[in-house]
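Below you'll find the structure, written out as structure tokens, and then a few comments.
Derivation of every value follows stated rules applied to the coordinates shown; laboratory data play no part. Worth saying up front: this structure is predicted, and the values here are computed from it rather than measured. Here the Cβ positions follow ideal geometry from the backbone for every residue, glycine too, while neighbour counts run over all protein chains shown.
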Amino acid sequence: MSLATQSITALRQQLTAGQITSRDIVESVAAAIDSTNDSIGAYLSRDLDRALAAADAADLSLPLGGIPIAMKDNINVQGEPCTCGSKFLQNAYLSPYDATASRKLKESGAILFGRTNMDEFAMGSSTENSALQVTRNPHDLDRIPGGSSGGSAAAVAAGAAVAALGSDTGGSVRQPASHCGVVGLKPSYGRVSRYGLVAFASSLDQIGPLTNSVEDAALLLEAIAGADPRDSTCLDQPVPNYRESLNKGVKGTRIGLPAEYFGEGLDPAVRERIESAAKALEAQGAELVELSLPFTKHAVATYYIIAPAEASSNLSRFDGVRYGNRVDKGTGIVDMYGTSRAAGFGAEVKRRIILGTYVLSSGYYDAYYTRAQKVRTLIQQEFQSAFQKVDAILAPISPAPARKIGEAKGDPLKDYLADIYTISANLAGVCAISVPAGTVPSDNGKHLPVGLQLIGPHLAEETILRIAKTWEDIR
């Protein structure tokens, strides 16, 4: 078995026993990248010499000592490019600092190796919106890997990364994890610092791990979670040892099944996989509880007002002066701003900036943005009420398995609606995880992964990781 496909736990055991070296792991990952990247396109860049130097100096006494981790290309790592999948930053920006998540991984001994592809500025659900290259699903190269963290999920699924970090604004860790058959965790808002994550929607963004196992996800969360004075939204709360409770089982755990997540539009084969998982957990001692979350139907509309509004503000800094490639025809600063942004941003980013600017404009702010914030509060209250009845919520990640590349061309609403099961967790600020739930057949005879979603109360990562581990062990 390739070292690149093994769990962090397995690799750490071999490292500390002196059976392998960190250089061996990095070279294995590099070989896997070389053999898969032309077909899958998970990586935008990688610095092997730098990674090997870090491997040779690795401190194996640290929790992640000697383990290479891939990074989504919107998380800053000092001395490395951070393109956000955009022409605006391509060959124009080399990060002068580490994001807090990057720094914490390094302090835990990890080696940050490789920058993974993504939808431009994290705006998309397929990684087709990357301006730099196409990323394909390792299970079927004609299909999307999901997005916006599609490169990270595809790298882990293809055995070209031991683990990776992504970011989740409306499902961008969980949905590609589901489509690629790996584990993807969105921590509670405020659990992980956003400092050094290029902002899309600041009240929704959260960094999270993509891994081959629930235990690996728990280990990475332990490394990156915790208070950060550089991020005022990051909570000063103790970080549990998430691995301690992984094997405690689900006996007596109340798991909610929301009717709105199993209704019209859900692929029957996906429904069967999710319902089978629920029954299997019930057989392990969990109590299944029927729930209703009626404001789910408003989640997509609410999200696509709030997120573009915040994106419109956050992306104003990309003007060809402070950041990014400049297009200057010598006709004045206003024209330079316009031509630089027109050339630098792709169609989806422009669409969301225009939408966000519109809902924030005079005369429309109250009609759209203010009302969306009120609905967001109702969604938050609905989850709070639900978690008084249950310990966690079980649901699908996506209505269907990965679609074909190009299938939604010219119809962005199709992808927007596919986020219906993931968006609410971001609006509510709660934690959620995608764990593989098996596969379903496709029209070409291939079998496509399906993810099981577990949603927990704010800062209840221990609970959803424990349920996910129980399911992982019995599936």
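Once amide H atoms are built 1.01 Å from N in the peptide plane, which residues 5 or more positions from Asp98, or in another chain, come under 5 Å H to H? Amide H to amide H, under 5 Å and 5 or more residues apart or across chains, Asp98 pairs with Gln78.
Among Ala30, Cys82, Gly65, flag the residue with its Cα farthest along the positive direction of the charge dipole of the range 3-245, charges on Cβ as +1 for Lys/Arg and -1 for Asp/Glu. Farthest towards the positive pole: Cys82. Couplings for the range 327-332, taken from phi via the Karplus curve 6.51 cos²θ - 1.76 cosθ + 1.60 with θ = phi - 60°, read 10, 10, 8, x, 10, x Hz in order; Gly and Pro are left as x. In a reduced charge model with +1 at each Lys and Arg Cβ and -1 at each Asp and Glu Cβ, the chain shows a dipole moment near 580 debye about its Cα centre.
Cross-linked pairs Lys106/Lys409; Lys104/Lys446; Lys186/Lys279; Lys297/Lys350; Lys104/Lys251; Lys186/Lys374: Cα-Cα separations exceed 28 Å for Lys106/Lys409; Lys104/Lys446; Lys104/Lys251.
Translational diffusion coefficient of the range 258-297 (Stokes-Einstein, Kirkwood radius from Cα pairs, 4 °C, 1.567 mPa s): 116 µm²/s. Computed on the range 127-231, with alpha-carbon pairs under 8 angstrom and 6+ residues apart, the relative contact order is 24 percent. Dividing the mean sequence gap of close Cα pairs (under 8 Å, 6+ apart) by how many residues the range 3-245 holds gives a relative contact order of 19 percent. Of the Cα atoms belonging to the chain, the radius of gyration and Dmax stand at 21.0, 71 Å. Using the Cβ of Asp142 as centre and a radius below 13 Å, the other residues enclosed give a net charge of +1, where K and R count +1 and D and E count -1. With each label modelled as a point 7 angstrom along the Cα→C-beta vector, the Thr439-Ser232 pair spans 5.0 nm. Tell me, how many Å apart are the Cα centres for the range 379-445 and for the range 127-142? Using only Cα atoms, the two centres lie 20 Å from each other.
Calculated FRET efficiency, Tyr323 to Ser362, Cβ-Cβ distance, R0 = 22 Å: about 0.20 to the nearest 0.05. Normalised by the number of residues in the chain, the average gap of Cα pairs under 8 Å and 6 or more apart makes the relative contact order 17 percent. With a ≥ b ≥ c taken as the square roots of the eigenvalues of the C-alpha gyration tensor of the range 3-245, please select rounded if a/c is under 1.5 and otherwise prolate if a/b is larger than b/c or oblate if it is not? In terms of gyration-tensor shape, rounded.
If you take the Cα centroid of the range 70-103 and the Cα centroid of the range 26-64, the two points sit 16 Å apart.
Quick one: of the DSSP bridges fully inside the range 3-245, what percent are antiparallel, nearest 5? For the range 3-245, the DSSP antiparallel bridge percentage is about 65.
Taking amide hydrogens as placed 1.01 Å from N in the peptide plane, the amide H of Gln237 sits under 5 Å from those of Ala227, each at least 5 positions away in sequence or on another chain. Under the convention that each Lys and Arg Cβ holds +1 and each Asp and Glu Cβ holds -1, the size of the dipole of the range 3-245 around its Cα centre is about 240 debye. Annotation for Ser316 and Ile20: the two label points, set 7 Å from Cα along the Cα-Cβ direction, are 4.9 nm apart. The simple Förster model, with R0 at 30 Å and r as the Cβ-Cβ distance, assigns His447 and Ala343 a FRET efficiency of 0.10. Between Gln13 and Lys350, the contour length at 0.36 nm per residue exceeds the alpha carbon distance by 116.5 nm. Loop-located chymotrypsin sites (Phe, Trp or Tyr not before Pro) in the range 355-385 (DSSP state other than H, G, I, E, B) with a sparse environment of at most 16 neighbouring Cβ atoms within 10 Å: Tyr364.
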